[in-house]
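The values are calculated or read from the model by the stated rules, or taken from the named source; none is laboratory data. No experiment lies behind these values; they were computed from the predicted model shown. Cβ placement follows ideal geometry from the backbone for every residue including glycine, while neighbour counts extend to all protein chains displayed. Just so you know, the surface numbers come from the protein's heavy atoms only, side chains and all, with ligands and any DNA or RNA stripped out. Shrake-Rupley method; radii C 1.70, N 1.55, O 1.52, S 1.80 Å.
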Amino acid sequence: MTMNILKFGGMITLVSAFTFMSCHKMGEGNKETARAVIEKSFTFPISTPMVMDATNASFAAKSSIANIGGQSVNTLSYGNGGILGPTLKINQGDVMNLVFTNELSEPTNIHWHGLEAPAVQDGYPTDLTQAGNSYTYNFRVVDRPGTYWYHPHPDMATASQAYRGLAGFFIVTSPEEQALNLPQGIYDVPLVIQDKRLAGGLVYNPDTDDKTIGYFGESVLVNGTSGAVMDVETRTYRFRLLNGSNARMYNFALSDGLKFKLIGSDGGLLDVPADISKILLAPGERADVLINFGSMPVGTELFMESASFSGSSSQGSQSFKIMKFKIIKDVIDNFIVPTTLMPVVKISESSSLASRKFNIGHMMAHGGMDGVMHPIDGKTFDANRRDEVVKSGSVEVWEFDNTAGTEIHPMHLHGLQFQVLKRTGGRGLIQPWEKGWKDTILAFPGEKVKIIIRFPENKGKFVFHCHNLEHEDAGMMLNFEIQ
Ligand code: C2O
Ligand code: CU
Ligand code: CU
């Protein structure tokens, strides 16, 4: 895409570019597609992040070196070196305490994606820990048992820092969850899927196309491993899938069309398991699944893949393998999938005090040489503005309208979990993994998605934004203040 630079009287200005010109409607502009994935030979044993007790944790963000696909690559990491960070674990109701040190050469912070964190602990884009400084994250974790995650959130640098390796799992459990006897220990496996450009190391240098559709890599990493293989036994495993990519979506499936059980979404367990053969996750979204390898003879190899999908002009046309499972041991497994999991109490629509609509389908505005901006309701992020003011404890219905859009937007709200009421246009329905609690909801071009929110008691300013990290950093983020 080369024709999108708008010049105003010879000057290229950011402000005047807010004329929402549509490069797509201007012609050639809609040809950007995601960089294709190059499949690996799946020979590298998958790595598993170390587990750290979140009630008594400490680590630093720092520059590291990781071996990825046999190559030594400059990365960022939390704590251990390599890439990514430890998996923080906590019991629901306990107080997390993390002494965090910034050993990077740039400001950073940590956002607790999905957790009901107090505003000052939530990694607001301008609440930063300067290089060399420390900050203690300390709050009670009230969230349902489930798979949450953490990553940096500095204004206009989230994409860069997350891409270079900063992210980790945050897992909440409870006696109620333990009583379900789901697979535990080495049979409960978090998997973060991220695409990277490995040539030249993890350098983040998006061009105009990347800023428009997202920064895509040709290599798909699982837990930081490129070409990952995992040895498994003939039994049921719990996998916690996290799409931790900047922009790529995955339509998770198993290679032989094998069905699996969906048991959880962004905000923990569903009320009942669902049989499923595909799960489409956008950046930021999670799904907990059970895969039973019990019927497969030792020696069998199968793949977790991303099946092709439609609805987006920039991605979905390619299907590719993500990782390999190899059955290496025959065991007796008495596990029975529970018929019910954990109640998902519906928020009633009649309790809603207000409804708000957001137009996320504006075309890009372009300013500066490659200053692609992605607005919500015509606005881009401003930390000094209060875009929406809501009342703590109150219920509202919000709608994200991508009717006029040409790109996918996974919309994410900080500091809470919501429920999905309705999707119109496009796929026209609520997917099985959208029936539980969610913090990120995908809107394809042509879709409107309605969610219902009960705002938490935590007062203060939070953000909501598109979790395509290039869109987020290009302004597709607004504030809501809970009063
Ligand atoms: Cu994972 Cu503001 O997001
Ligand atoms: Cu978040
Ligand atoms: Cu977006």
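Quick notes on this one:
- A 1.4 Å probe run over the protein chains yields, for the chain, 36 Å² of accessible area per residue, whole-number rounding.
- Put simply, the amide H of Asn91, placed in the peptide plane, has neighbours under 5 Å in Thr173, leaving out anything fewer than 5 places away on its chain.
- Loop-located trypsin sites (Lys or Arg not before Pro) in the range 419-460, at most 15 other Cβ atoms within 10 Å (DSSP): Lys459
- Partners of Lys422 within straight-line reach, counting lysines whose Cα lies under 24 Å from its Cα and excluding those fewer than 8 residues away in the same chain: Lys261, Lys278, Lys346, Lys357, Lys391, Lys435, Lys438, Lys448, Lys450.
- Point-to-point label distance, Asp256-Asn67, nm (Cα→Cβ direction, 7 Å offset): 3.2 nm
- For the residues Ile263, Ile83, a 1.4 Å probe over the protein chains yields an accessible-area ranking, largest first, of Ile83, Ile263.
- Computed about the Cα centre, the dipole magnitude for the range 355-482 is approximately 600 debye when only Lys and Arg (+1) and Asp and Glu (-1) carry charge, each at its Cβ.
- A crude spin-label estimate for the pair Arg454 and Ala36, with each label 7 Å from Cα along the Cβ direction, gives 5.0 nm.
- Residues listed by number, the range 336-357, amide nitrogen under 16 Å from Thr424 label point at 7 Å toward C-beta: 355-357
- The length gained by stretching the chain between Val51 and Ser348 to full extension, at 0.36 nm per residue less their Cα-Cα distance, is 103.1 nm.
- Along each principal axis, taking the top coordinate minus the bottom one, the Cα set of the range 355-482 gives 44, 36, 21 Å in descending order.
- Near Lys379: Cβ cut-off under 10 Å, other residues only, Lys/Arg at +1 and Asp/Glu at -1. The net charge is -2.
- With every protein chain in place, the range 272-398: carbon and sulfur % of accessible area (1.4 Å): 50 percent
- Near Glu434: Cβ cut-off under 11 Å, other residues only, Lys/Arg at +1 and Asp/Glu at -1. The net charge is +3.
- Near Glu388, once Lys and Arg are set to +1 and Asp and Glu to -1 for all other residues with Cβ below 12 Å from its Cβ, the sum equals +3.
- Whole-Hz ³J(HN,Hα) from phi, Karplus 6.51 cos²θ - 1.76 cosθ + 1.60, for the range 282-291, glycine and proline x: 8, x, x, 7, 10, 8, 9, 9, 10, 10
- Whole-number D in µm²/s for the chain (Stokes-Einstein; Kirkwood sum over Cα pairs; 10 °C, 1.306 mPa s): 70 µm²/s
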